[in-house]
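Heads up: the structure comes next, in structure tokens.
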Amino acid sequence: MAYVDQNMQGSRKAGIIGVVAIHAVLGTVVVTGLSTVIPLVTKEPPLTGGNIEVPLDPPEPTEIPDLETPYKPQKQDIFVPDNPFKFDTATDVTTTDQQPTEDTFVYENTASGGLVESGPKPTPTPEPTFDPILAKPSNAPGRWVTNADYKPAWVRREMQGVVSFSLQVDASGRVSDCRVTRSSGFGELDDATCRLVRQRAKFTAARDGKGLKMPGSYANSVRWELPE
């Protein structure tokens, strides 16, 4: 009896140890499974291509023009305006081979109008003609520049010489421009000559062949000499 009891106690201990071992394994599996992530690898299948036939509608037929049929233009209404001129058809019109001269016919501006024969053309009365007149001084040129116009500084420097000038005279007889054509060698004398002549010279205006006043020109010289 004692032998049997010992075996039974040994088997019971082994069973308890086995149960504990199983629970330990299960606990380890559960804990490890919660902390470990197992990647899931999925592989897509390769794509395969191919031709798919799609049914298409047949194309619409195109009309071919008939080239043998001749072109027929469309008829259009033609607008004809009224004739603004009215001719007298009762007038007797004759023709001739004779060429008219310049003095044979003249147009007569009358109510009926027409070409009538005329005599010789009247000779116009010629206009009177005049010989052109140049502009000429109406006061003495010797008074345009005098010894009184000499400045003391010019006398001390012994400035003297001949100044030639050209004037432009307008239709009213006034000097409109003065230009020195020959210098005395002293600019002061040249400038004084034109300045004094423009102030003092007076003219009778020039006239053309019809006797009408017109612009003209005049030329002369002034000799500047030291006063004694």
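No lab work stands behind these numbers, since they all come straight from the coordinates. Given the structure is predicted, the values throughout are model-derived calculations rather than measurements. All Cβ positions, glycine included, derive from the backbone under ideal geometry; neighbour counts span all protein chains shown.
A crude spin-label estimate for the pair Glu53 and Ala140, with each label 7 Å from Cα along the Cβ direction, gives 13.5 nm. Were the residues from Thr94 through Glu127 laid out at 0.36 nm apart, the gain over their Cα-Cα distance would be 7.6 nm. Of the chymotrypsin sites (Phe, Trp or Tyr not before Pro) in region 117-217, the ones in a loop by DSSP (not H, G, I, E or B) with at most 13 other beta carbons within 10 Å are Phe130.
Summarising the label geometry, the points placed 7 Å from Cα in the beta-carbon direction at Ser172 and Glu228 lie 4.3 nm from one another.
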